[in-house]
Amino acid sequence: MADLDDRFDWNDLRYFLRAAQAGTLAGAARAMGVEHSTIGRRLTSLERALGAPLVVRAPDGLHLTPLGASLVPLVEQVEHAVSAVVDHATAGQTRVRLALPTGFTALFSEHLDRLRQTHPRLALELLSGAKPVDLRRGEADLAIRSGPVADEDLVVRPLGESGWSLYAAPAYLARHAAPREPLDDLSGHALIGFDPALAAVPAARWIEQRAAGGGATIVLRSREMADIQAAALAGAGLALLPCLGADGEPGLVRLTPRVLATRSLALAYPREARLSPTVQAVIRFVIDVMRDNAERITGTRRS
């Protein structure tokens, strides 16, 4: 079996199948876009590898031997299996999964036509949330990471910074006068804080510092930005939120034009992802969208 594997060329099966279907070397050559001598050479190579004739060359064309006839349905199955493999791989290449922090889904969705104009068959799957995905385990193809990325096995491309500011709902401001600048003293206010697991996040530190004096009270905590923003919308208290999502929320009032905290953003992906044209297209798309919307993301321009 090892000797056969050394001599056997799987591509020869394709030439054999076309020859069997066409019945002549010339017909098979036309079907495959090659010279008829190539078909003959491939058939001879396959017959030598198998150690038995598969066709009889006659003036009126090719006639299958009993072995050749028995192999035709098997080779057809091989061709169908290879085609299925190619179709499956191609389908996978048209779907790219991008993990991103909460609040970025709308940004990329509104610019999706830009990507579809150049790659109409590409389906972008957005995975939003605070929990980081494991790129090395294939949980996503790409990820926008907030904060430092220390994994040396990933390619990391800086995308700028996200800006955070202080927001409250009109319902909350109807009960409490808006805090005055410079916002160092939030005495008497209810604050929406962050889960202790996020204590190192600059926004969490800003909130904790204002509550440390005892004048302000953290009334609830969460690790999900969507939950923190929902609590602020409900009037539960003041919240430090990413400007990208909160500036466009009609149910929130930005209490200062200043950016009170920042967080670095980066696009991370496995090194082998660069080999995929569809992933490369999404990489360019992400970089372009982030660059074109930098002021919205940093919070230096209201939208």
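Largest mean-square fluctuation among GLY33, GLY103, GLY68, in a Gaussian network model of the chain whose springs join Cα atoms under 10 Å apart, belongs to GLY33.
The HN-Hα couplings worked out from phi for segment 173-190 by the Karplus form 6.51 cos²θ - 1.76 cosθ + 1.60 (θ = phi - 60°) are 5, 5, 9, 9, 5, 4, x, 8, 5, x, 6, 6, 10, 10, 3, x, 9, 8 Hz, whole numbers, x standing for Gly and Pro. Scanning residues 5 or more positions from SER165 or on other chains, those with amide H under 5 Å from its amide H are LEU241, CYS243, LEU260, with H placed 1.01 Å from N in the peptide plane.
Loop-located trypsin sites (Lys or Arg not before Pro) in segment 135-203 (DSSP state other than H, G, I, E, B) with a sparse environment of at most 14 neighbouring Cβ atoms within 10 Å: ARG136, ARG137, ARG180. Here the 3J(HN,Hα) profile of segment 113-126, calculated from phi with Karplus coefficients 6.51, -1.76 and 1.60 at θ = phi - 60°, is 4, 4, 6, 6, 5, 9, 9, x, 8, 7, 10, 8, 9, 9 Hz, Gly and Pro shown as x.
For the pair segment 135-200 / segment 267-285, the C-alpha centres are spaced 27 Å from each other.
What the phi angles of segment 98-107 give under the Karplus curve with 6.51, -1.76 and 1.60, with θ = phi - 60°, is a coupling list of 10, 8, 8, x, 4, x, 9, 4, 4, 4 Hz, glycine and proline written as x. Under 5 Å between amide hydrogens, built in the peptide plane, is the criterion, and for GLY129 it picks out LEU100, THR102 among residues at least 5 positions away or on other chains.
The charge dipole of segment 162-262, taken about its Cα centre with unit charges on the Cβ atoms of Lys, Arg (+1), Asp and Glu (-1) only, comes to about 120 debye.
Rounded to the nearest 0.05, the FRET efficiency derived from the C-beta distance between VAL85 and ALA58 at R0 = 35 Å is 0.45. For the residues GLY27, GLY248, GLY188, a GNM of the chain with alpha-carbon springs under 10 Å puts the largest fluctuation on GLY27. Amide H contacts under 5 Å for SER222: GLY193, PHE194, ASP195, restricted to partners 5 or more places along the chain or on a different chain, H placed in the peptide plane at 1.01 Å from N. Estimated from helices alone, the mean residue ellipticity of the chain at 222 nm is -13000 deg cm²/dmol (sum of -39500 (n - 2.57) over DSSP H runs with n ≥ 4, per residue).
Note on the chain: with a GNM built from Cα contacts shorter than 10 Å, the maximum mean-square fluctuation among ALA200, ALA140, ALA31 falls on ALA31. Sites counted here are GluC sites (Glu not before Pro) in a DSSP loop (not H, G, I, E or B) having no more than 12 other Cβ atoms within 10 Å; the longest part of the chain that contains none of them is 153-303.
Farthest towards the positive end of the charge dipole of segment 86-181, among the residues ALA143, TYR167, PRO132, is the Cα of TYR167, using unit charges on the Cβ of Lys, Arg, Asp and Glu.
Read the figures in this text as sums done on the coordinates, not as results from a lab. Just so we're clear, the structure is a prediction, and the values are computed from it rather than from any experiment. Counting neighbours? That spans all protein chains shown, and the Cβs are built from the backbone with ideal geometry, glycine included.
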